[in-house]
Amino acid sequence: MAPKKRKPNFKMPPKTCWHLYSLQDLHPEKFIKIVNKILKREHLLIK
């Protein structure tokens, strides 16, 4: 039996949990947007 393939229109949900190390790789503009959302408690910071 062959494994099922993903649907081509599958989209990942937006990322709302951030680790400190993943923030280091962001471009400055994106970093600022994410940090603002973390401060507003719209996103979660994982330590």
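Some observations on this one:
- The range 32-47, residues that are assigned to a helix (DSSP H, G or I) and open to solvent by 60 Å² or more (accessible area, probe 1.4 Å): Ile32, Lys33, Asn36, Lys37, Leu39
- Here the range 1-31 is the region considered, the condition is being open to solvent by 100 Å² or more (accessible area, probe 1.4 Å) and of a type in the set (A, V, I, L, M, F, W, C), and the residue that is farthest from the chain's Cα centre (by Cα) is Met1.
The values are calculated or read from the model by the stated rules, or taken from the named source; none is laboratory data. Keep in mind it's a predicted model, so treat the numbers as computed, not measured. Accessible surface is based on the protein model in full, side chains and every heavy atom, while ligands, DNA and RNA are left aside. Shrake-Rupley method; radii C 1.70, N 1.55, O 1.52, S 1.80 Å.
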